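Before any comments, here is the structure.
The values are calculated or read from the model by the stated rules, or taken from the named source; none is laboratory data. What you see is a predicted model; the values in this text were computed from it and never measured. Don't worry about glycine lacking a Cβ; one is built from the backbone with ideal geometry, like all the others, and counts go over all protein chains shown. Areas reflect the complete protein model, heavy atoms only, side chains present, ligands, DNA and RNA absent. Shrake-Rupley method; radii C 1.70, N 1.55, O 1.52, S 1.80 Å.
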Amino acid sequence: MKNLTPDKKSLDPIEIASLDEISDLQFKRMRWSLEHAYKNVKFYKKKFDAIGVHPSDLKTISDISLFPFTEKKDLRENYPFNMFAVPKSQISRIHASSGTTGKPTVVGYTKGDIDNWASLVARSMRASGTKSGDTVHISYGYGLFTGGLGAHYGAEKLGCTIVPISGGMTQRQVTLIEDFKATTIMVTPSYMLSILDEYKAQGRDPRDSCLEIGIFGAEPWTNSMRKEVENAFDMHAVDIYGLSEVMGPGIANECVETKDGLHIWEDHFYPEIIDPQSQKPSADGSMGELVFTTLTKEGMPVIRYRTRDLTRLLPGTARSMRRMEKVTGRSDDMIILRGVNIFPTQIEEQLLTIKELSPHFQIELTKDNRLDKMLVHTECSIGNENYDKRLKSSMLLEQKIKGNIGISVEVIVHDPDGVPRSQGKAVRVVDNR
Ligand code: DLL
């Protein structure tokens, strides 16, 4: 793999500023953001007034803990536009979640927000090793999802040649990566695995492709998956994080030279970790739920938004700003099986240690005599289809899960291509209880 460490001179000066400089800027911006939300969004005024806090109570940055949280349900209850802090005529773009469980959550951006967002995705891409003039293949979905257009505007700002292919039609993805000689791909890690399968199906060696960088996000993935994809393509795999309610992709990103967690772009987003039960802030270094306050968003500021994502905050390394560890999972995705808490990423980690199995998997929860039961559906890798090999690898995975995670599961090894694929975020858990 090439050394792609970006030239320090190409970075935004704030990325390598002193911690004092960063926190001075954060304080100023946080005061502005609280005032903006309080003055212009009825929801925030009502919530702040109800507990007797005012934006002027923010005397130091840690006073943010005096303010109330915002949750997804608040966005739903204010559907569609009541969380906006500017008149609708100043909103230049709307994105929304799919709303499979109730009303969609709607987010709005001013021209200024779109510009900041593009700059932050450009910063994230630069941290990943992408440069002006590179060809970027964008397989995140375009549309109301923030992945495609978020990546697109960032790549444009960085000065790249963009292939805006969106998700789906996997054969064509491979043909165009090869014909247009993309050097960066932006895609969910699970869909990258489908692209890898398609390379093999077409008899092409992925290591011969021009791809040098994969910028993977929108769903949890492990360091074991990083190794798998990096080896398969001889490319760097870096993690990009974001959520629509706070902005979209580009809230935090790994640096290609360290790959040690994601630097949060703290000049625009103030992170906290809270204990999800007590809702009290936790010190840096402890695991908990990530909470964000936007510092510059005009269209839809969010104050102390509870992401449900579980991680911890770590000091800066390649950049001054703090890092978040790779997300373990969402608190909503945590499976509690006979008293043990499990995340799908833990299953992924064990699965990737067995080369006779493919990295595709789906967890099914069922009831067996009123007891919860977990089935792990996976596939044999090509060449390992025979009965004995399958039996051996399913038993091995069951043992590894028992030994390392502490739960008994049943592993079902399907034929290659036997586990449902997605073209965006993978569906990791199907609850049939
Ligand atoms: O997934 C934005 C995005 C697009 C991020 C493309 C990165 C790349 P939502 O659809 O609102 O937005 O989903 C946000 O996805 O709260 C996390 O649970 C999860 N997520 C996003 N990035 C990561 C990541 C986009 N790198 C939700 N690792 C978030 C783990 C992630 N989970």
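Determine if region 279-287 includes at least one residue that is over 29 Å from Asp134 (Cβ atoms), in a strand (DSSP E or B) and in contact with a helix residue (DSSP H, G or I) (Cβ under 6 Å, 6 or more places away or on another chain). Within region 279-287, one or more residues are over 29 Å from Asp134 (Cβ atoms), in a strand (DSSP E or B) and in contact with a helix residue (DSSP H, G or I) (Cβ under 6 Å, 6 or more places away or on another chain). The set of residues from region 216-239 being more than 12 Å from the ligand (Cβ to nearest atom), open to solvent by less than 10 Å² (accessible area, probe 1.4 Å) and either in a helix (DSSP H, G or I) or among the aromatic types (Phe, Trp, Tyr) (or both) comprises Val229, Phe233. For Arg123, state whether it is basic (Lys, Arg) and open to solvent by less than 20 Å² (accessible area, probe 1.4 Å). Yes; evaluated as a whole, the condition is true for this residue. Restricting attention to region 414-433, the residues that are within 22 Å of Ile138 (Cα to Cα) and within 16 Å of the ligand (Cβ to nearest atom) add up to 6.
Please find, within region 75-111, the residue that is nearest to the ligand (Cβ to nearest atom) out of those that are open to solvent by 60 Å² or more (accessible area, probe 1.4 Å) and within 19 Å of Gly147 (Cβ to Cβ). Among those that are open to solvent by 60 Å² or more (accessible area, probe 1.4 Å) and within 19 Å of Gly147 (Cβ to Cβ), it is Ser98. Open to solvent by 10 Å² or more (accessible area, probe 1.4 Å) and within 13 Å of the ligand (Cβ to nearest atom) - does that describe any residue in region 290-308? For region 290-308, residues open to solvent by 10 Å² or more (accessible area, probe 1.4 Å) and within 13 Å of the ligand (Cβ to nearest atom): present. Looking for something closer than 22 Å to Ala96 by Cβ and buried (at least 21 other Cβ atoms within 10 Å of the Cβ) - is there at least one such residue anywhere in region 172-187? Yes, some residue in region 172-187 is closer than 22 Å to Ala96 by Cβ and buried (at least 21 other Cβ atoms within 10 Å of the Cβ). Of the residues making up region 123-133, those that are out of contact with any Cys (no Cβ under 9 Å at 6 or more places or on another chain) and under 14 Å from Ile213 (Cβ atoms) number 2. Is there a residue being open to solvent by less than 10 Å² (accessible area, probe 1.4 Å), closer than 28 Å to Lys8 by Cβ, away from the ligand (no atom under 12 Å from the Cβ) and touching a helix residue (DSSP H, G or I) at 6+ places or on another chain (Cβ under 7 Å) anywhere in region 313-328? Among the residues of region 313-328, at least one is open to solvent by less than 10 Å² (accessible area, probe 1.4 Å), closer than 28 Å to Lys8 by Cβ, away from the ligand (no atom under 12 Å from the Cβ) and touching a helix residue (DSSP H, G or I) at 6+ places or on another chain (Cβ under 7 Å), which makes the answer yes.
Name every residue in region 142-163 that is under 25 Å from Pro104 (Cα atoms), in contact with a Ser or Thr (Cβ under 6 Å, 6 or more places away or on another chain) and either crowded, with 21+ Cβ neighbours inside 10 Å or among the polar types (S, T, N, Q) (or both), in order of residue number. Scanning region 142-163 gives Thr146, Gly148.
Pro189 falls short of the stated requirement of being within 14 Å of the ligand (Cβ to nearest atom), under 30 Å from Thr296 (Cα atoms) and in contact (Cβ under 8 Å) with a residue 60 or more places away in the chain. In the set (1) under 17 Å from Gly133 (Cα atoms); (2) open to solvent by less than 10 Å² (accessible area, probe 1.4 Å), the condition left unmet by Gly168 is number (1). Tallying residues that are in a loop (DSSP other than H, G, I, E, B) and surrounded by fewer than 17 Cβ atoms within 10 Å (Cβ to Cβ) within region 409-418 yields 3.
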